[in-house]
Amino acid sequence: MDPSSAKPRCSVPKPCNHLADYKLKYGLAGYDSLQDNFVTGSNGKTIVCTPDRKIPRCFFCDGYRERLYLCLVCSSVSCLDHTLLHSRSDCGNDIAVDVKRSELYCGKCHDQVYDADFDTAVVSKYKKDLIVCRNAFESIGERSSKRRRLSSAIDLDLKKWKELPCIRDQRAKSCYPIGLRGLNNLGNTCFMNSVLQALLHAPPLRNYFLSGRHNRETCPRRSLDGFCLLCDIDIIFSAMFSGDRSPYSPAQFLYSWWQHSANLASYTQQDAHEFFISLLDGIHEKENKLRDTNKDAGDCPCIAHRVFSGLLRSDVTCLTCGFTSTTYDPFMDISLHLDSSHCLSTETTNKGSKLNGSTSISTSTLIGCLDLFTKPEKLGSDQKLHCQNCQEKQDSSKQLSIGRLPLALCLQVKRFEHSFIRKTSRKIDWHLQFPFSLDMSPYLSSSIIRKRLGNRMISFDGDESDVSAEYEIFAVVTHSGMLESGHYVTYLRLRNQWYKCDDAWITEVDEATVRASQCYMTFYVQKMLYHKANEEIGCAPTSSRRDSLMSVVGYC
Amino acid sequence: MRHSVNRPPTPDAAEDEEKEPTLQEIINIKLIESGEKERLMELLRERLTECGWKDEMKALCRAFIKKKGRNNVTVDDLVHVITPKGRASVPDPVKADLLQRIRTFLNSVI
């Protein structure tokens, strides 16, 4: 062919001799009779079905996995090898159709061939199916321009019609990372939905359940009490990561949780943090009951503790003699008081009064709250503690620090203030600035103690150094509205993109929206786990793939 | 009239015996019948496009055609050459994702 000839790029190539011969002999008869066998699937692709609608298999070798071709002359289905054989042995049986792609193939040329008449036959059937499908949509009563753009035609099979809405949802949001799915509100259950969304995307928890570590088949708890919170959570994980994007109703889980927390079983609004704690408690309790042990949080192998449990160190110092007694307590989350000193009214600043040389900030920060949490606090004179050294009750100061960091850290902001004096409760609405990357090392016991005592050679238990102190945020549970009537919404960070999970509605949002939200519970996970999880839920572009065997934690 | 219940099948009957479907075949049938295979194929297409695999394959095809000459290449040649490379370069997360879904699906039908 002359490369310089001004032929249009996409012209239909000349038919090979074999195709030309076929056309001469049979004309369009073969294409027309094929029309009945063309079937357009919900994905918009037209395939060739066998008359009996069975799964196509090679007539000669029964193979079903490779490409299969339907001979236009004798209608036998064969795999590639047998198609070539067929064309050699049975003269004239050269032209066949690739059943999965509805494309012509010539057995003598070993190549794909093109015929405008054939394509017309395929397209006309496709259009017919499209019309039927549109009528079907209208009869269901839905209107969506987006769907028309997708132009998904359907099989005439009635069964598929019912599946339509969820197929549409899939197509619209299938670019979202896996596991992202709305949760239906079952009656003021946004407190539950919001926490569930956060937990579903906590990398260590997600890996645990998705890798099938809790086997529902062999779960012994079921036989004990008839229900198992872990089994129900496992069911939720399977459903949420199934690929189905239609909103899910965690009804069975709700019922299970009510069994466990009978006092909270109602349809009234509840506190998300309370739910979170009761859920972790439920998981832990079952574990202990089963193993008939009463393990400390430090050794407890239950998944709740393995993921969220850390160690809090409390140092109480006698202000008279300086003797310090240290105690360790496990924690599942850290509740932070909002730093009220920061939220002075702007009048003070306007008057120009200086506070310790620093300008007052009108918004609090999470870091500020953590600073407050680990600040030495002088206990009031009514809280004198017994000093072992002085052998009497003395004024003391107490300081908290982190003895051991958990894999996933939940920081709760105490926004609900209960005043015993006024016998009222109110919600603190201040905006709290929170970081996406959090370094917890200044709050570790080693840092806190060193700060207090100066740079001394103090040895600490090896626990601290094992665990990294750098965290990345992966979920924020926010609250809007008033104490009695409000709404919880969770923002999830997957692959560095933020998603808003508002019960059944999932939408992409930008960072600014998240930063401006009123955080109630912030969930952080160790940086390494966060980045590993990101690799798992999406593909890195092939060019930047480092090692071929990325450890896919928790999948296979 | 009682027949012996332990009577072995007659030799003639044994001839017509069909091969038992293999586990793979059963899984394949179940996947297709439920429509899951189609969904999974769509998902796979999307994921492979997302991560650039499709573009990579396209580039490989172009390179091959350029080398061989446009008129000397058949679809069969391309399929033959590209298939092993394609299979080898599917990213692990994609494999894992699909495997997980198949597993979930199987759990739901068993």
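Throughout, read-outs are computed from the coordinates displayed, never taken from laboratory work. Keep in mind it's a predicted model, so treat the numbers as computed, not measured. Note: ideal-geometry Cβ built from the backbone for every residue, glycine included; neighbour counts use all protein chains shown.
Full extension of the chain segment joining A:ARG426 with A:SER124 gains 102.0 nm, where the gain is 0.36 nm per residue of separation less the Cα-Cα distance. Put simply, the amide H of A:GLU417, placed in the peptide plane, has neighbours under 5 Å in A:ARG426, A:LYS427, A:ILE428, leaving out anything fewer than 5 places away on its chain.
Computed extension gain for A:CYS49 through A:ASN496, at 0.36 nm per residue and net of the alpha carbon distance, reaches 156.6 nm. Simple spin-label estimate for A:LYS414 and A:ARG88 gives 8.5 nm between the two label positions (7 Å along the Cα-to-Cβ direction from each Cα). Annotation: amide H-H contacts under 5 Å for A:ALA475 (H modelled 1.01 Å from N, sequence separation of 5 or more, or interchain): A:ARG493, A:PHE523. Phi-derived couplings, Karplus 6.51 cos²θ - 1.76 cosθ + 1.60 at θ = phi - 60°, listed residue by residue for the stretch A:376-384: x, 10, 7, 6, x, 5, 7, 10, 4 Hz, with x used for Gly and Pro. Apply the a/c threshold of 1.5 to the C-alpha gyration tensor of the stretch B:26-109 and tell me whether it is rounded, prolate or oblate. Judged from the Cα gyration tensor, the stretch B:26-109 comes out prolate (a/c at least 1.5, a/b above b/c). The calculated pair-distance distribution of the stretch A:17-133 uses every alpha carbon pair, bins of 5 angstrom beginning at 0, and gives 2, 12, 24, 24, 20, 12, 5, 1, 0 percent. Here the calculated FRET efficiency for A:ALA116 and A:GLU508, from their Cβ-Cβ distance with R0 = 45 Å, stands at 0.55, rounded to the nearest 0.05.
Other residues lying with their Cβ under 11 Å from the Cβ of A:GLY212 contribute a combined charge of +1, Lys and Arg counting +1, Asp and Glu -1. Under 5 Å from the amide H of A:LEU336 lie the amide H atoms of A:GLN412, A:VAL413, A:LYS414, each residue being 5 or more positions distant or on a separate chain, with H modelled from the backbone and absent for Pro and chain starts.
For the residue pairs A:LYS14/B:LYS58; A:LYS128/B:LYS37; A:LYS54/B:LYS68; A:LYS127/B:LYS68; A:LYS100/A:LYS500, the C-alpha atoms sit more than 31 angstrom apart in A:LYS54/B:LYS68; A:LYS127/B:LYS68; A:LYS100/A:LYS500. Averaged over the residues of peptide A:237-243, the number of Cβ atoms from other protein chains lying within 10 Å of each residue's Cβ is 4.
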